[in-house]
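All remarks here apply to the structure that follows.
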Amino acid sequence: MSDAVDLVLAQWGRERPDVDVWPMGIVGRLSRLSRLLDIRLKEFFAEHDLERWEFDVMATLRRSGPPYELTAGALNRAAMITSGAITNRIDRMAKRGLVERVPDETDRRSVRVRLTERGWDTVEKLVGPHTENEALLLAALGPRERDRLAGTLRDLLESLGDTSLD
């Protein structure tokens, strides 16, 4: 069986047989897979009147433990987006009642972002179905393939410096 990337590789092999294009196969497949997964996840969250990034912010706050709050900077690092983007996202989520800004008790110059009761209820309701949806997206892989793929992806992320959310 072949995929769209195999066609691309074959074309390059025909046009430039002098270039070893194997990296295009892996990067191309990862890119295509990322786009397909993103589409499916966006569809899932749209069914629940959420954007994927809104769930990501709420899930990050939820898994941080009580009192389910972080600085905007910590959220920014977890989301790997610009500080302007995280401010915009927090504003939008606060308007929806999913998060709130609270003063930092130890640093009066700082503000923390806290999960509201509505945000808590939303993430609690969706974390199970979200995980089930992701399992369906990965259903083509057996347990051994999943473990091997997770290890390989972890190795690649570590080699590129993605070792911590801090």
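The values are calculated or read from the model by the stated rules, or taken from the named source; none is laboratory data. Nothing here was measured: the structure is a model prediction, and the numbers come from that model. When we count neighbours, we look across all protein chains shown, and the Cβ atoms used for this are built from the backbone with ideal geometry, even at glycine. When the accessible area is computed, the model is the full protein with side chains, heavy atoms only, and any ligands, DNA or RNA have been set aside. Shrake-Rupley method; radii C 1.70, N 1.55, O 1.52, S 1.80 Å.
Data table
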{"item": "Listed residues 57, 99, 27, most fluctuating in the chain (Gaussian network, C-alpha, under 10 Å)", "result": "27"}
{"item": "Average Cα contact separation per residue, the chain, under 8 Å, 6 or more apart, as relative contact order %", "result": "17 percent"}
{"item": "Solvent accessible area, Å² - residue 100, 1.4 Å probe, full protein context", "result": "70 Å²"}
{"item": "Within segment 18-105: Cβ-based charge dipole about Cα centre, in debye rounded to nearest 20 (Lys, Arg +1; Asp, Glu -1)", "result": "140 debye"}
{"item": "Nearest-ten-degree value, helix 83-95 long axis tilted from longest Cα axis of the chain", "result": "60 degrees"}
{"item": "Solvent exposure, largest accessible area first (probe 1.4 Å, DNA, RNA and ligands not counted), of 98, 153", "result": "153, 98"}
{"item": "Accessible-area composition of segment 1-116, carbon plus sulfur, in percent [1.4 Å probe]", "result": "54 percent"}
{"item": "Ranked order, 120, 22 - accessible area, probe 1.4 Å, largest first", "result": "22, 120"}
{"item": "From the C-alpha gyration tensor of segment 38-166, square roots of 5λ in Å", "result": "28, 20, 13"}
{"item": "Nearest 10 degrees, 0 to 90: helix 117-137 Cα axis against the chain principal axis", "result": "10 degrees"}
{"item": "Å² of accessible area per residue within the chain, as computed with a 1.4 Å probe and no ligands counted", "result": "71 Å²"}
{"item": "Potential lengthening between residue 141 and residue 2 on full extension [0.36 nm per residue; Cα-Cα distance subtracted]", "result": "48.4 nm"}
{"item": "Residue-level accessible surface for residue 121, protein heavy atoms, 1.4 Å, Å²", "result": "80 Å²"}
{"item": "Helix 4-15 axis, angle to the chain major axis (alpha carbon atoms, nearest 10°)", "result": "50 degrees"}
{"item": "Spin-label pair residue 153/residue 118, simplified geometry with 7 Å Cα→Cβ offset, distance in nm", "result": "3.2 nm"}
{"item": "Distant-in-sequence amide H partners of residue 64 (H built 1.01 Å from N, under 5 Å)", "result": "none"}
{"item": "In segment 1-74, GluC sites (Glu not before Pro) in a DSSP loop with at most 13 other beta-carbon atoms within 10 Å", "result": "47"}
{"item": "Estimated 222 nm signal from helices in the chain, with DSSP H stretches of n ≥ 4 weighted -39500 (n - 2.57), rounded to 500", "result": "-21500 deg cm²/dmol"}
{"item": "Heavy atoms of residue 83 accessible to a 1.4 Å probe, total area in Å² rounded to 10", "result": "80 Å²"}
{"item": "Accessible area, probe 1.4 Å, largest first, for residues 42, 95", "result": "95, 42"}
